[in-house]
Amino acid sequence: MTTAASKTPKRADARKNIEKITQAAIECLGQDPDASLGQVAQAAGVGRVTLYGHFPSRELLVEAALVRALTDGDRVLEAVDLTGDPRAALRALIESSWQLTAQAGTILEAAQAVLPPGRIRELHAEPEARVNHLIRRGQAEGVFRTDLPVSWLASSMHHVMKGAAADITAGRLDPGDAGQFIAEVILGAYTPPVIRST
């Protein structure tokens, strides 16, 4: 799907407004997947007419926010060294990206309500492939469990990240502890089960 912001070159002021609106959408939808376009416009400091001039529909705005959130997250993933011990790589990945991943999860909820499933899968393909590859490498090296599907292990990590974000919002978790706590839970969950002989 082509966004309104990508059809033709924009003037500097238009590009600035698109940037402000997209960032506001990330922030608003990151807190509430049902945030209205009016709330986004207010957070961006623009009028509704300006917002609709760049994003004529909720679908276009939500997609722009999801694309940006995934791009930001992917930039973080690319900077993380995923070589070496898969457990250390996974810990580094979690501690450096959990906030972006948790925020993208809430934006994903908004996207699932307005975008076709195929488009959502397409946008997630690259970051999912990177995480899945790390999990498969850990399984091949015997440090991650193999009795559960890779997709389930990856999904579990995203759910824990999202839960941590919710706990921070509710005041139950210190943001400074979140990365370490998430990593400990996920590494524990990924550890192969001990098979005891009877």
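For Pro56, all conditions in the list (1) touching a residue at least 12 places away in the same chain (Cβ under 8 Å); (2) surrounded by 14 or more Cβ atoms within 10 Å (Cβ to Cβ) hold save one; what is the number of the exception?
(2) is the only condition that Pro56 fails.
Could you please find all residues in region 94-134 being of a type in the set (Ser, Thr, Tyr), more than 19 Å from Ser151 (Cβ to Cβ) and within 12 Å of the chain's Cα centre (by Cα)?
Once the filter is applied, which keeps residues that are of a type in the set (Ser, Thr, Tyr), more than 19 Å from Ser151 (Cβ to Cβ) and within 12 Å of the chain's Cα centre (by Cα), region 94-134 yields only Thr106.
So, in region 181-198, exactly how many residues are at pLDDT 95 or above and over 22 Å from Arg137 (Cα atoms)?
1
Under the condition of being part of a helix (DSSP H, G or I) and in contact (Cβ under 8 Å) with a residue 24 or more places away in the chain, which residue from region 79-95 is surrounded by the fewest Cβ atoms within 10 Å (Cβ to Cβ)?
Per the stated criteria, the residue is Glu95.
Being of a type in the set (Gly, Ala, Ser) and under 16 Å from the mean Cα position of the chain (by Cα) narrows it down to one of Gly73, Gly47, Gly53, so name that one.
Of the residues listed, the single one that is of a type in the set (Gly, Ala, Ser) and under 16 Å from the mean Cα position of the chain (by Cα) is Gly73.
Kindly establish whether Leu115 is modelled with pLDDT of 85 or more and under 16 Å from Val143 (Cβ atoms).
no
Every residue in region 142-154 that is over 16 Å from Leu93 (Cα atoms) and either over 17 Å from the mean Cα position of the chain (by Cα) or surrounded by 14 or more Cβ atoms within 10 Å (Cβ to Cβ) (or both), please. Steps first, answer last, please.
Taking region 142-154 and keeping what is over 16 Å from Leu93 (Cα atoms), we get 142-143, 145-152.
If the condition is that a residue be over 16 Å from Leu93 (Cα atoms) and either over 17 Å from the mean Cα position of the chain (by Cα) or surrounded by 14 or more Cβ atoms within 10 Å (Cβ to Cβ) (or both), then Gly142, Val143, Arg145, Thr146, Asp147, Leu148, Pro149, Val150 are the ones that fit.
Which members of region 22-38 meet the condition of being surrounded by fewer than 17 Cβ atoms within 10 Å (Cβ to Cβ) and of a type outside the set (Asp, Glu)?
Gln23, Gln31, Ser36, Gly38
Taking region 155-198 as the region of interest, how many residues are over 20 Å from the mean Cα position of the chain (by Cα), loosely packed, with under 12 Cβ neighbours inside 10 Å and assigned to a helix (DSSP H, G or I)?
The qualifying residues number 1.
Within region 102-112, does at least one residue satisfy the condition of being in a helix (DSSP H, G or I) and under 26 Å from Val194 (Cα atoms)?
No - not one qualifying residue is present in region 102-112.
Give region 113-141 a look and list any residue that's under 20 Å from Ala92 (Cβ atoms), of a type outside the set (A, V, I, L, M) and open to solvent by less than 60 Å² (accessible area, probe 1.4 Å), or say none.
Pro127, Arg130, Asn132, Arg137, Gly138, Gln139, listed by residue number.
Only one of Val76, Val46, Val67 is over 18 Å from Glu19 (Cβ atoms), open to solvent by 20 Å² or more (accessible area, probe 1.4 Å) and in contact (Cβ under 8 Å) with a residue 12 or more places away in the chain. Can you tell me which?
So the residue among Val76, Val46, Val67 that is over 18 Å from Glu19 (Cβ atoms), open to solvent by 20 Å² or more (accessible area, probe 1.4 Å) and in contact (Cβ under 8 Å) with a residue 12 or more places away in the chain is Val76.
The values are calculated or read from the model by the stated rules, or taken from the named source; none is laboratory data. On a predicted model such as this, the values are computed, not experimentally measured, just so you know. Positions of Cβ are generated from backbone atoms using ideal geometry, with glycine treated the same way; all protein chains shown enter the neighbour counts. With ligands, DNA and RNA removed, areas are computed over all heavy atoms of the protein, side chains included. Shrake-Rupley method; radii C 1.70, N 1.55, O 1.52, S 1.80 Å.
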